[in-house]
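Quick notes on the structure that follows.
The values are calculated or read from the model by the stated rules, or taken from the named source; none is laboratory data. Not measured: the values here are computed from a predicted model. Using ideal geometry, Cβ is built from the backbone for each residue, glycine included, and neighbour counts are taken over all protein chains shown. Accessible surface areas use protein heavy atoms only, side chains included; no ligands, DNA or RNA. Shrake-Rupley method; radii C 1.70, N 1.55, O 1.52, S 1.80 Å.
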Amino acid sequence: MLHPQVAALLERAARSPLPPYYEVPAAVARRLYRDTRGALAPDPPAIEAVQLLLAPGLAGPVPVRAYRPKGAAGDEVLAALIYFHGGGWVIGDLDTHDVVCRTLANGARCAVFSVEYRKAPESPFPAAVEDCFSALKHVFENGNALKIDRSRVAVGGDSAGGNLATVTALLARDAGGPAISFQLLIYPGTDQRMGFPSIETNGEGYLLTRKGMLYFRGHYLPDAADYTDWRASPLLAKSLAKLPPAFVMTAGFDPLLDEGRAYAERLKKEGVPAEYREYSDMVHGFITMGRVLDTANAALADCAQALRRAWGT
């Protein structure tokens with residue numbers, strides 16, 4: 001059953017005069033997302049420091065926003081989370097996920113590096129994958145200057161960002177480094193074939209729709225042959241063995257529910273420690289909506305605790 005706060009949110013969304021993302025160009029969809037997220041997100045919590053970095057990328061600099069948690073000394077060496085925002089590889093940015101990153105920095109008492117990867121349709125697959133891996137390498141290579149502990153660096157993200165996080169972990173595994181310690185995967189997309197039952201059962205009326213998913217996939221993967229590339233569909237990777245331990249979160253009324261669960265199950269089957277948690281009364285995207293959904297704040301606290309457990313802090 002839907003949480004009463006979610007039901008109220010869906011009623012509010014149904015009354016909105018704004019068009020769905022899939023009916024407008026990407027640039028307009030980004031503005032719609034940015035403005036509606038701002039109304040749903042809590043006030044940004046205070047932190048110790050925020051800094052913009054530029055990581056060298058294959059197509060030019062990749063902006064990375066670096067956060068240090070409240071109370072952290074300037075020379076204190078911290079664990080780190082490299083975070084990739086959600087938004088279907090098309091929308092979302094550093095600002096739409098600013099509160100999430102601040103909350104995780106304070107909750108896990110770690111540095112957070114939020115990555116502004118290139119987005120589709122201007123920069124389709126594999127541009128985002130390239131930028132995320134470039135940012136990961138930059139953070140590791142500059143660990144001393146950034147005051148981070150290279151033995152405690154996690155990757156994480158929500159939705160498309162969860163996809164990019166685990167793809168980045170696969171790339172790092174296959175390249176022999178950087179040595180990632182943990183994966184934080186929040187309702188990740190893992191299979192671009194869109195064949196799981198939850199896409200039909202949850203594909204209409206719960207914010208993220210099947211039409212929306214087709215819109216995002218069409219922009220990110222204009223060539224259908226790429227649907228089965230493991231860098232787009234990590235569930236189709238030949239092996240998930242020897243990946244970092246993971247915390248995988250899903251939402252019960254999310255079209256991505258089944259593929260997130262399937263990914264967690266496959267990680268476990270292949271020997272990767274994976275904690276799975278389903279928020280059965282939530283919808284896709286809920287962690288950014290803490291102003292109106294109490295569970296969003298509780299879920300981010302759960303994510304922070306998972307990071308702390310992984311790092312022994």
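With R118, R152, R109 as the choices, which residue is open to solvent by 30 Å² or more (accessible area, probe 1.4 Å), in contact with a helix residue (DSSP H, G or I) (Cβ under 8 Å, 6 or more places away or on another chain), charged (D, E, K, R) and farther than 22 Å from L170 by Cβ?
Only one candidate passes the filter, namely R109.
Pull up segment 200-223, narrow it to residues that are of a type in the set (A, V, I, L, M, F, W, C) and part of a loop (DSSP other than H, G, I, E, B), then point me to the one that is surrounded by the most Cβ atoms within 10 Å (Cβ to Cβ).
The extreme case among them is L208.
Could you pull out the residue among L293, L267 that is without any contact (Cβ under 8 Å) to a residue 60 or more places away in the chain, surrounded by 14 or more Cβ atoms within 10 Å (Cβ to Cβ) and over 17 Å from the mean Cα position of the chain (by Cα)?
One residue alone meets the criteria, L267.
Suppose the filter is open to solvent by less than 50 Å² (accessible area, probe 1.4 Å) and out of contact with any strand residue (DSSP E or B) (no Cβ under 7 Å at 6 or more places or on another chain); does D226 pass it?
It is true that D226 is open to solvent by less than 50 Å² (accessible area, probe 1.4 Å) and out of contact with any strand residue (DSSP E or B) (no Cβ under 7 Å at 6 or more places or on another chain).
For segment 123-140, enumerate the residues that are over 15 Å from V62 (Cα atoms) and open to solvent by 30 Å² or more (accessible area, probe 1.4 Å).
The answer is P124, and nothing else.
Please find, among V62, V28, V24, V6, the residue that is in contact with a strand residue (DSSP E or B) (Cβ under 6 Å, 6 or more places away or on another chain) and of a type in the set (A, V, I, L, M, F, W, C).
After applying the criteria, what remains is V62.
Could you look through segment 296-310, keep only residues that are over 12 Å from F182 (Cβ atoms) and not small (G, A, S), and pick out the one that is most open to solvent (accessible area, probe 1.4 Å)?
Ranking the qualifying residues of segment 296-310, first place goes to Q305.
Pick out the one residue from L235, L243 that is farther than 16 Å from R277 by Cβ, open to solvent by less than 30 Å² (accessible area, probe 1.4 Å), in contact with a helix residue (DSSP H, G or I) (Cβ under 9 Å, 6 or more places away or on another chain) and not in a loop (DSSP other than H, G, I, E, B).
L235
Can you name every residue in segment 18-51 that is at pLDDT 95 or above and over 17 Å from V90 (Cβ atoms)?
Those that are at pLDDT 95 or above and over 17 Å from V90 (Cβ atoms): L40, A41, P42, D43, P44, P45, A46, I47, E48, A49, V50, Q51.
Here are G156, G161, G195: which of them is modelled with pLDDT of 95 or more, in contact with a His (Cβ under 6 Å, 6 or more places away or on another chain), on the phi < 0 side of the Ramachandran plot and of a type outside the set (A, V, I, L, M)?
Within the list G156, G161, G195, the selection yields G161.
Would you check which residues across segment 270-290 are under 22 Å from G212 (Cα atoms) and either surrounded by fewer than 16 Cβ atoms within 10 Å (Cβ to Cβ) or without any contact (Cβ under 8 Å) to a residue 12 or more places away in the chain (or both) and list them?
S280
Mind checking which residues of segment 36-80 are touching a helix residue (DSSP H, G or I) at 6+ places or on another chain (Cβ under 6 Å), over 30 Å from P19 (Cβ atoms) and surrounded by 13 or more Cβ atoms within 10 Å (Cβ to Cβ)?
Correct list: P45, I47, A55, G57, V62, V64, Y67, P69, K70, A79.
When the residues of segment 178-196 are narrowed to those that are open to solvent by 20 Å² or more (accessible area, probe 1.4 Å) and among the small types (G, A, S), which ends up nearest to the chain's Cα centre (by Cα)?
S181
Yes or no: E76 more than 28 Å from L40 (Cα to Cα), over 16 Å from the mean Cα position of the chain (by Cα) and not aliphatic (A, V, I, L, M)?
yes
Filter segment 140-193 down to the residues that are out of contact with any strand residue (DSSP E or B) (no Cβ under 9 Å at 6 or more places or on another chain) and aliphatic (A, V, I, L, M) and list them by number.
Of everything in segment 140-193, those that are out of contact with any strand residue (DSSP E or B) (no Cβ under 9 Å at 6 or more places or on another chain) and aliphatic (A, V, I, L, M) turn out to be A145, V167, L170, L171, A175.
List the number of the failed condition for Q192; all other conditions in (1) closer than 26 Å to M289 by Cα; (2) out of contact with any Ser or Thr (no Cβ under 6 Å at 6 or more places or on another chain) hold.
Going through the list (1) closer than 26 Å to M289 by Cα; (2) out of contact with any Ser or Thr (no Cβ under 6 Å at 6 or more places or on another chain), Q192 breaks only (2).
When residues of segment 167-199 are filtered for being in contact (Cβ under 8 Å) with a residue 40 or more places away in the chain and assigned to a helix (DSSP H, G or I), how many remain?
Of the residues in that region, 9 qualify.
Among the numbered criteria (1) over 18 Å from H85 (Cβ atoms); (2) touching a residue at least 40 places away in the same chain (Cβ under 8 Å), which single criterion is violated by Y220?
(1)
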